[in-house]
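What follows is one structure encoded as structure tokens, with my remarks underneath.
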Amino acid sequence: MDSTSSNMMLINDMFDVDYGDDIKQNQDEPYYIGKAENTLKQLNNIDNYFIFTKILLKNFNILNEQQKNDIIKLLNIKPIVSIIYKDPPKYTPNKNKKAKLNINDDY
């Protein structure tokens, strides 16, 4: 028995809730789509959907870049663009310089 299933058993015992809907390993894609759709039908309000989605996305950081990009595209998340405006440097004459003498003959 792995730690996840033992944790689930403890939660079941503590809260008297049956989470017996096990997900089989190494199934094809339609199996997981059906499981997800079945779970989605059982979430009866927005608050439950939000909580479930937040927990489901907990491991988002372990996905590869392509998988992350697919989810970001699906959720229509726009990249954050930050524009930084810098004022051009202002010309301030140096008052400490001495005036240069014109040593060339202008006449």
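Of all residues in segment 71-83, those satisfying the criterion of being of a type outside the set (A, V, I, L, M) and either modelled with pLDDT under 90 or under 19 Å from K35 (Cβ atoms) (or both) are K78, P79, S82.
Taking the listed residues N104, N69, N64, the one that is on the phi < 0 side of the Ramachandran plot and surrounded by 10 or more Cβ atoms within 10 Å (Cβ to Cβ) is N69, with no other qualifying.
The values are calculated or read from the model by the stated rules, or taken from the named source; none is laboratory data. None of these values were measured; they are calculated from a predicted model. FYI the Cβ positions are ideal-geometry reconstructions off the backbone, even for glycines, and counts take in every protein chain you see.
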